[in-house]
Amino acid sequence: MSARLRLAVTAAAAGAFTLALVPAVPAAPSVPGAVALSPVVAAHRAVPAMASGPLRAIRPASAGDPVLAAPISTSDCVSQFQRACYSPLQYRTAYNLDPLYRAGITGQGRTIVIVDSYGSPTIQHDLDVYSAQWGLPSSQVEVVKWGQVPAFDPKNADMDGWASESTLDVEAAHAVAPGAHIVLLETGVSETEGPVGVPEMMSGINHLVDAGQADVVSMSWATSEAMFPGFDVGDYTSLTTLRYAFVNAARHGVTLTASSGDGGGDSTKLDAAWPAGDPLVTAVGGTELHLNDQGVRTAPDSAWSGSGGELSKVFARPGYQNPARSVVGTHRGTPDVSMAGSPNGALWLYSSFDPANTGWTADGAGTSESSPLFAAVVALADQAAGHRLGVIDNDLYRLYAQHSPGLVDVTTGSTGPNGYTAGPGYDQATGVGTLDATGLVAALAHRH
């Protein structure tokens, strides 16, 4: 995974911890009640940290950073760990998803493709446990191994990190679109920085697009444009020749989403995270939610300090960003939109790929979380519209220009020491803002 992002289990500057789980918040009437899990022995999972290159440091264990047997409430997380943790049921309230579910809009009949190196050998079991805990309908994950995917070794830090990423991506997508079919595309070469693992990922995406097995593709990984050979001399072909899968996806009406990065953004240089900076991809940044135990906001969402946002040197401003030209100038700017990503308010996750560290965590996933969350919202909109929506940015910026109630401006918070400050309108801290899912899905599906 890209060291720049380390999107599944990073907590950039904020020292993320893995928490425990608590009794589930009561389920809304549209889903069955949650079930309690049997206790397990609490353990600690080493979490890869962000680095300046492919090196992945492992954080030492600490008493405040456990893997736990069951989820606890947000208020208990705050009192015990000095940070919030949230369930998917709280997200349902925060993003106004329940009206969609009551109308039968759950992502049914739509497919979300998750792209990760190596994957997780326990993804189906873990999703089953996750779904049972929160009263979500079960879903069969279709695993597609692309290339020579090596046998999983829980002692391999790289594989462990990608398994955590895969767990996050699948469970976050399922939390928002519980009726959608999920395909986990596992590739055999680890993506670090530059084009190392990208060829396998692009080939796998292209195959699924051609086979008609993708409606939305989520990519919770990224690499700096500058890490592609030729960048320093203005030759971008080593990157642009790998875009064929994206061009093909757009031709087939498939929506692409990608995490904007967890480095806090950099306003001092032209060098966006890719694939988020590609004009055919929706770059999803991270916000911090402020919720009570029931998922009701105690304050408006704010920009997460670690969320990435840059201007691309490779790609010029696409036409759909014309409403934001005063901010991005002549360059493609990121992010486009934002959802939850802050370690202070992380989503509960369950995993068992490492037998020594099986249980629940809420350690902060960064923009690795926001990409599958938004991809799932697109799947809901696809179902509501009755067809794929394609390059969703065209609609996002149109709705932004129209002041659509489906988009919620984020006006507080800032990113990184060289990053951006959130304010009224489009900004490179949160893009066009965050969303009210019911309003956005209706607008995208032209249901007014």
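Coupling constants for the stretch 258-272 follow from the phi torsions by the Karplus curve (6.51 cos²θ - 1.76 cosθ + 1.60, θ = phi - 60°), and in residue order they are 8, 5, 7, x, 10, x, x, x, 8, 8, 9, 8, 9, 4, 7 Hz; glycine and proline get x. Annotation: per residue accessible area for the stretch 91-213 equals 31 Å², rounded to a whole number [probe 1.4 Å, protein chains only]. Rounded to the nearest whole Hz, the Karplus-based 3J(HN,Hα) values (6.51 cos²θ - 1.76 cosθ + 1.60, θ = phi - 60°) of the stretch 66-75 follow the sequence x, 9, 10, 7, 7, x, 10, 6, 4, 5, with x at glycine and proline. So for the chain, taking the charge dipole from beta-carbon charges (+1 Lys/Arg, -1 Asp/Glu), which of S370, F152, G319 sits furthest toward the positive end? Farthest towards the positive pole: G319.
Phi angles across the stretch 101-112 convert, under the Karplus curve 6.51 cos²θ - 1.76 cosθ + 1.60 with θ = phi - 60°, into 3J(HN,Hα) values of 4, 5, 8, x, 8, 10, x, 3, x, 10, 10, 9 Hz, Gly and Pro given as x.
Quick check: at a probe of 1.4 Å, how many percent of the accessible area of the stretch 284-349 sits on carbon and sulfur atoms?
Working: 1020 of 1950 Å².
Here it works out to 52 percent.
Each Cα pair under 8 Å and six or more residues apart adds its separation to the average, and for the chain the resulting relative contact order is 21 percent. Whole Å is fine, so just give me how far the alpha carbon centre of the stretch 261-277 lies from that of the stretch 315-375. Taking the Cα centre of each part, the stretch 261-277 and the stretch 315-375 sit 13 Å apart. Element breakdown for the stretch 203-245 at a 1.4 angstrom probe: carbon and sulfur atoms account for 54% of the accessible area. Listed by chain and number, the lysines whose C-alpha is less than 25 Å from the C-alpha of K145, apart from same-chain residues fewer than 8 away, are K155. A compact globular protein would have a Cα radius of gyration near 2.2 N^0.38 Å; the ratio found for the stretch 120-205 is 1.14.
Sparse packing (at most 10 other Cβ atoms within 10 Å of the Cβ) combined with a DSSP loop state is found for none of the trypsin sites (Lys or Arg not before Pro) in the stretch 282-364.
Among residues other than N418 with Cβ under 11 Å from its Cβ, the summed charge is -1 (Lys and Arg +1, Asp and Glu -1). Distance distribution note for the chain: the fraction of Cα pairs above 43 angstrom is 4%.
For the stretch 81-160, what D do you get in µm² per second when you plug the Kirkwood radius from alpha-carbon pairs into Stokes-Einstein at 10 °C and 1.306 mPa s? The calculation lands on 101 µm²/s. Straight-line cross-link reach from K313 at under 12 Å between alpha-carbon atoms covers these aspartates and glutamates, not counting any fewer than eight positions away in the same chain: E225, D232, D235, D271, D278. Counting only heavy atoms of the protein chains and using a 1.4 Å probe, R388 has close to 70 Å² of accessible surface.
With +1 assigned to the C-beta of every Lys and Arg and -1 to the C-beta of every Asp and Glu, and no other charges, what is the dipole magnitude of the chain about the Cα centre in debye, to the nearest 20? Could you put the intermediate results ahead of the total?
On the way: 22 positive and 40 negative charges, 125 e Å.
Around 600 debye, computed over the chain.
Computed over neighbours whose Cβ is under 13 Å from that of T111, the net charge equals -1, Lys and Arg +1, Asp and Glu -1.
The values are calculated or read from the model by the stated rules, or taken from the named source; none is laboratory data. The structure displayed is predicted, hence computed values, not measured ones. Neighbour counts run over all protein chains shown; Cβ positions are idealised from the backbone, glycine included. Remember, those area values only see protein heavy atoms, side chains included, never the ligands or the DNA or RNA. Shrake-Rupley method; radii C 1.70, N 1.55, O 1.52, S 1.80 Å.
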